[in-house]
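Every number in this text was worked out from the coordinates using simple rules, so none of it is lab data. Only a predicted model underlies this, so the values are computations on that prediction, with no experimental measurement involved. Cβ placement follows ideal geometry from the backbone for every residue including glycine, while neighbour counts extend to all protein chains displayed.
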Number of protein chains: 2
Amino acid sequence: MSTATKVNVHNFSAGPCILPQEVLRKAAESIVEFENTGLSIIEMSHRSKPFEGVMVKAQQLVKELLGAPEGYQVVFLGGGASMGFHMIPQNYLRPGGKSAYVHTGEWAGRAIKEAKLAGETVVVASSEDKNFSYIPKGFEVPADADYFHFTSNNTIFGTQYKAFPKSTVPLICDMSSDIFSRPVNVADFALIYGGAQKNMGPAGATVYLFDPAQLGRTGRKLSPMMDLANHAAKESMYNTPPVYAVYVSMLTMQWMKDQGGVKEMERRNAAKAKLLYDTIDRLPMFKGTTAVEDRSMMNATFVMTDAALEPSFDALWKAAGISGIRGHRSVGGYRASMYNALPIESVQVLVDVMEEFSKKNG
Amino acid sequence: MSTATKVNVHNFSAGPCILPQEVLRKAAESIVEFENTGLSIIEMSHRSKPFEGVMVKAQQLVKELLGAPEGYQVVFLGGGASMGFHMIPQNYLRPGGKSAYVHTGEWAGRAIKEAKLAGETVVVASSEDKNFSYIPKGFEVPADADYFHFTSNNTIFGTQYKAFPKSTVPLICDMSSDIFSRPVNVADFALIYGGAQKNMGPAGATVYLFDPAQLGRTGRKLSPMMDLANHAAKESMYNTPPVYAVYVSMLTMQWMKDQGGVKEMERRNAAKAKLLYDTIDRLPMFKGTTAVEDRSMMNATFVMTDAALEPSFDALWKAAGISGIRGHRSVGGYRASMYNALPIESVQVLVDVMEEFSKKNG
């Protein structure tokens, strides 16, 4: 396996997305042989000592990186955060009870759809009126809701909560696209969950970090596959877990820890975001698509003021080795995703291209 | 990455299990860079052209290898076959209807548990009376059942259907541990499904092969995540699929095709099974644990007639580089799993160890 000819790609993909090169190297080695076991990581039992060690370490790293309070539990499951949308009402909604959601985009909307199939669902606020270009504020959560759900970062629309809503009811957050990008106060949440395929690792695993004291209160008889408490009691091994996705997530979390943890990730992410957003704001040719105060550090969405110039701009960034910045069809324009593993040098390349294009065509 | 020092392990693991060396090499390369894209397979969008090509090819290979009739559909999901246990009643059981199951072991039992949570469930036959050491025969399936479910191969207990039960109601089969090990007549089945982590690939993906005409008949309003028809309509991309597990499954299926398909797999598996079972039957020191006519070609379970000799037998096979043959705690003794990718040479090593041990201690 030679990496000598590998093209230098600046990977702004929205997810699955860039992972640290060190992680990829180790992840590839372990496919051939995992730590002198003579076996590939993907051809050994999930109940073998080596993999049990991986699972325990992955759980510990989630808690350590996020500074989870004593007693919080971690579970890794397949199915994506979308399966979480489906499981959450089953674990937290009492029959006849109601849930509260904020609608801030595609994935929040899918979570709401699942909740509505399960019971009464109050959408306490929505930014649908302006194509989800802002984060609603000043809303009220019904005090008798069984839980309150929101989406911390909206990958498609490029918005992000800067301050988390407070609530007297159990707080549940889908952090799929910004988990581990900044410190959070875990004790404020009954449940934080997210698909792995942004900052945590490859697609295929979903992490659930929760306060077990908030489970088992609905009186529902749950399917064991839907039951977070069951999965926790079985250490994520009620059935065969998504072994490799958990393993590469563990490597990526170890990388974050080695780099200085989520505080350092936040510092880097803030620097990258500032560099790009400052450029968007300075160059009249480009325009951000979201409310400035709600701009995501993870996904910067922007358009060209003259859409006719898009093809020639596209040619320029492609020539510079930039990949994955075409915007989602529901927003158009561009989206530069700047997850933890994206070096600021890649953002600089994009910024340089934008500058160069502006000069040529300004 | 050097493979020069890799120990030669004879991998009899029950799953996740041995994969072809060629597949592992390519799978490792693609972690570093996937087909000159400059990106790892795990850091590119699942909606990128290269990965869409992988998904389409994986779907095609399932249908091609199994000779599925025109119109059958393939879906890859996360969550394991255990999620299938949960989804099946939702997709096939009418409210107020009933399902029929055969109970042949741990995983059949879990499928039944899920079915019972969903509605009336008739267990038409069970081999629990003899610790699941045989496959029940001559049972009747109620003609008014919405579907009939069985488990083609029982990994833990080492039994396998040699002839599939016939039924006038839609037939559903969990083939997790013997899919692609032999030809099947797909047209007989409404749904065949299985976790990837035996013959198909690594843990993390589950394949569903089904006749879409048998879906949508229950009148239930399904969650989109539970709805096989929805996943099929979205080409397994309703949400982010388990990218790498699908990719390595595709490679493994391509390997099977290149080797001669499932007919050739069956020929090899039969030869391996004959070699081992003949040895078990010939040597008085060993004894098979299942009914001879129901012996699994995938998982051979056996015990020592004198259990006190186990520690010295264990030392011998470990010294020979054999891995993963300790039996499941619910059967004890030994279980040699001989999936598609296990070469007959590894079975020969085990047989030689058994012979040698018998001579020394006979």
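Data overview
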{"item": "Residue among A:Pro142, A:Met297, A:Thr252 farthest towards the positive dipole end of chain A, charges placed on Cβ", "result": "A:Pro142"}
{"item": "Percent breakdown of C-alpha pair distances by 10 Å bin, ordered from the shortest bin, for region A:108-162", "result": "20, 55, 24, 0"}
{"item": "Evaluated at q = 0.13, 0.21 Å⁻¹: base-10 log I(q)/I(0), Debye formula over Cα of region A:153-303", "result": "-0.72, -1.39"}
{"item": "Calculated from backbone phi, Karplus (6.51, -1.76, 1.60) coupling profile of region A:207-224 in Hz, x at Gly/Pro", "result": "9, 10, 10, 8, 8, x, 5, 8, 9, x, 9, 8, x, 6, 8, 8, 4, x"}
{"item": "For B:His10, residues with placed amide H under 5 Å, excluding near neighbours", "result": "B:Ile322, B:Ser323"}
{"item": "Debye, to nearest 20: dipole size of region A:243-300, +1 on Lys, Arg Cβ, -1 on Asp, Glu Cβ", "result": "100"}
{"item": "Karplus 3J(HN,Hα) series, Hz, for region A:280-286 with 6.51 cos²θ - 1.76 cosθ + 1.60 (x for Gly, Pro)", "result": "4, 6, 7, 8, x, 6, 10"}
{"item": "Selected from A:Thr159, A:Thr168, A:Thr151 as most flexible by GNM, with chain A as the system and alpha-carbon contacts under 10 Å", "result": "A:Thr168"}
{"item": "Chain A Cβ-axis minimum, rotational copy B, residue and distance in Å", "result": "A:Gly78, 2"}
{"item": "Selection from A:Leu39, A:Leu61, A:Cys173 lying farthest towards where the dipole of chain A points positive, charges on Cβ", "result": "A:Cys173"}
{"item": "Amide hydrogen neighbours beyond the local backbone of B:Thr121, cut-off 5 Å, H modeled", "result": "B:Ser99"}
{"item": "Residue-count net charge about B:Asp129 - beta-carbon cut-off 15 Å; Lys, Arg +1, Asp, Glu -1", "result": "0"}
{"item": "Copy-to-copy label separations for A:Asn36, where each label sits 7 Å from Cα toward Cβ, in nm and ascending", "result": "3.9"}
{"item": "Amide H contacts under 5 Å for A:Phe286, placed H, 5+ residues apart", "result": "A:Thr305"}
{"item": "Considering only chain B, percent of DSSP beta bridges that pair antiparallel, nearest 5", "result": "55"}
{"item": "All lysines inside 21 Å of B:Lys234 as judged from Cα atoms, apart from same-chain residues fewer than 8 positions distant", "result": "A:Lys113, B:Lys49, B:Lys57, B:Lys63, B:Lys221"}
{"item": "Value at 222 nm in deg cm²/dmol, rounded to 500, when DSSP H runs of n ≥ 4 in the protein assembly as shown each add -39,500 (n - 2.57)", "result": "-11500 deg cm²/dmol"}
{"item": "Cβ neighbours within 10 Å from other chains - mean over B:234-246", "result": "5"}
{"item": "Cα-Cα pairs of the protein assembly as shown separated by more than 47 Å (percent)", "result": "20"}
{"item": "Length-normalised contact order for chain B - Cα pairs under 8 Å, 6+ apart - percent", "result": "23"}
{"item": "Label-point separation, B:Ser330 to A:Glu128 (7 Å along Cα→Cβ), nm", "result": "4.6"}
{"item": "Pairwise label distance in nanometres, A:Gln259 with B:Lys116, each label 7 Å out on the Cα-Cβ vector", "result": "4.9"}
{"item": "For chain A, built as a Gaussian network whose Cα springs stay under 10 Å, the top-fluctuating residue of A:Arg282, A:Arg110, A:Arg182", "result": "A:Arg282"}
{"item": "Point-to-point label distance, A:Thr218-B:Glu106, nm (Cα→Cβ direction, 7 Å offset)", "result": "2.8"}
{"item": "Global form of chain B, assessed from the alpha-carbon gyration tensor, a/c cut-off 1.5", "result": "oblate"}
{"item": "Teacher prompt: A:Ala319 distances to equivalent labels in other copies, 7 Å Cα→Cβ, nm", "result": "6.9"}
{"item": "Residue with peak Gaussian network fluctuation, chain B [Cα springs, cutoff 10 Å], from B:Gln21, B:Gln160, B:Gln60", "result": "B:Gln21"}
{"item": "Prolate/oblate/rounded call for region A:317-359, Cα gyration tensor, a/c under 1.5 rounded", "result": "oblate"}
{"item": "Position A:Ala187, label points 7 Å along Cα→Cβ, spacing to each other copy in nm (shortest first, one decimal)", "result": "6.7"}
{"item": "Estimated dipole of the protein assembly as shown in Debye, rounded to 20 [Cβ of Lys and Arg +1, of Asp and Glu -1, Cα centre]", "result": "280"}
{"item": "Which of A:His86, A:Phe357, A:Met265, positive extreme of dipole for chain A (C-beta unit charges)", "result": "A:His86"}
{"item": "Per-residue HN-Hα couplings for region B:117-125 [Karplus 6.51, -1.76, 1.60; θ = phi - 60°; Hz; x = Gly/Pro]", "result": "5, 9, x, 5, 9, 9, 8, 6, 6"}
{"item": "Computed magnitude of the charge dipole of chain B (debye, nearest 20; Cβ of K, R +1, Cβ of D, E -1)", "result": "180"}
{"item": "Within 10 Å of each Cβ in B:68-79, the average number of Cβ atoms from other chains", "result": "2"}
{"item": "Rounded to 5, percent antiparallel among DSSP beta bridges of the protein assembly as shown", "result": "55"}
